[in-house]
1. Work out which helices of the chain, taken as complete DSSP H runs, extend at least 15 Å along their axis over the Cα atoms and score a mean Kyte-Doolittle of -1.0 or more, then list them.
2. So I have (1) 16, 28, 23, 15, 10, 5, 2, 1, 0; (2) 23, 55, 20, 2, 0; (3) 25, 58, 17, 0, and one of them is P(r) over Cα pairs in 20 Å bins from 0, in percent calculated from this model. Which one is it?
3. Based on other C-beta atoms within 10 Å, arrange 97, 434, 61, 156 from fewest to most.
4. Return 264, 447 ranked ascending by Cβ neighbour count within 10 Å, so the fewest neighbours appear first.
5. Run the reach check for residue 132 against lysines, Cα to Cα strictly under 26 Å, same-chain hits fewer than 8 apart removed. What comes back?
6. Please order 167, 57 by the number of other Cβ within 10 Å, starting at the fewest.
7. Classify region 127-275: rounded, prolate or oblate, from the alpha-carbon gyration tensor (a ≥ b ≥ c, eigenvalue square roots; a/c under 1.5 rounded; otherwise prolate if a/b is larger than b/c)?
8. Roughly speaking, what is the stretch gain from residue 414 to residue 369, that is 0.36 nm per residue apart minus the C-alpha to C-alpha distance, in nm to one decimal?
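Read-outs throughout are calculated quantities, based only on the coordinates presented, and are distinct from any laboratory measurement. The structure presented is a predicted model; accordingly, all values stated were derived computationally and were not measured. Here Cβ is always computed from backbone atoms with ideal geometry, including for glycine, and neighbour counts include all displayed protein chains.
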Amino acid sequence: MSGAEPQVFTVSQLTAEVRAAVEKGVGSVWVEGEVSNFRPQPSGHLYFTLKDERAQLGCVMWRGAQLGGGAQHLGDGRQVQLYGALTVYEARGQYQMNVRLAQPRGRGALQARFDALKAKLAAEGLFDPARKKPLPRFPRAVGLVTSATGAALQDMLNIFTRRAPFLRLLVHPVRVQGIGAAAEIAAAVESFNAWRAAGRADLAVDVIVVGRGGGSLEDLWEFNEEIVARAVAASALPVVSAVGHEIDFTICDFAADLRAPTPSAAAELIAPDAAELLARLRAQSDFLRRALRDWVERARDQLEYLGRGELHRAPRRRLEEEQQRLDGLAEELHRGVRARLDAEAQRLARLSAAVQPHTLAARLEAARHALDSLRERLRTRPAQRLSDARAALRRADDLLRVLGPRATLDRGWTFTTDAAGEPVRGVAEVRAGMILVTHFADGEARSVATGKE
């Protein structure tokens, strides 16, 4: 055995060594995973676990770090990215992260891609309102590009069936999530256009709906791909984008001729209300029936009058004259009814054009973008100012460590005071018998002055 005694640590010493090694060797990092065991405390601190398929990490977000730190993104089951310092909780001997910032996982990179593609396509004019095509007032067939098993399809089928059971619905099933889904969506839009151009009466539609139900930014991402935006913008058929919920916006929404807040809303916008149409037809039918009845009654009165007059003296001539007059009245009535129907149709077309929903949708879209911009500025500006203040504090701390008296002593220098602690700045202040206190980095020494030179 060696004569040297082995170094024996206490548990506290060993844990402190581990903590120092972790904090120095790892420091502040980004890490992502799923939040579980989320436990807000009455003190305001947030405790939770971040995990993935193979490991987990204890986390704490102190109350002071929550303002502007994204604490609203934390909760059981949330997929997040965290930034903070790795350390060791010595009381339990376990390592943990002190979280300073939390954000949804992948949100930053995906949002940057979204903004870049949106700016690129807008610069090309793909979102220009002048390119938007109006929806047909009375479509005969509607093409649905969506998942065959999703709730969005069932919602649209229910509304189309209720409002316009006479509509022909053609479903082009596609994947609406995952790698390759964007190519399927674009191909489906192109197929409907190709069938219409080829005169395929069995597959031709008057309008296309591209949609799916709600989800996260990652779930809806395939509708933000450039291939989908270009296929929708190039479509000769009007395209309605109905992706997600009302608060969700995708690149497909901007490229489409009309954005519907939900798939159900898209069906409401496209399908004419059969009950309303039937009521209008009944009203027109009643008008024509009354006009015809009035015309017959007038003709009968005239025939009765003629029967009491000259008709008996020159029956054939009078009958021919009256027959000619009746023919003229019939033509006039026909022209009058047709003119009235045409005028009503034009008036309805003007009213329909005046209340086209895309005008309101465009204004809402612009307002939402303005609100998003203000919200982003409000979110980032306090965080930036706080970051600048922390950087200034760190610089001041570094300067104090370099230039402060403690750093001077650590380099081997000393300084001297009198017994009262007042600095002795020169030999002129020293008197015989005076008590001098010399300060070192690790303590102080007292001496008595016997003289001076």
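1. 11-25, 107-123, 151-163, 181-197, 274-307, 357-403
2. Comparing each candidate, only (1) matches the computed number.
3. 434, 97, 61, 156
4. 447, 264
5. Answer for residue 132, where 26 Å is the Cα cut-off: 118, 120, listed by chain and number.
6. Listed from fewest to most nearby Cβ atoms, that is 57, 167.
7. Here region 127-275 falls in the rounded category.
8. Gain on extension, residue 414 to residue 369, equals 9.8 nm.
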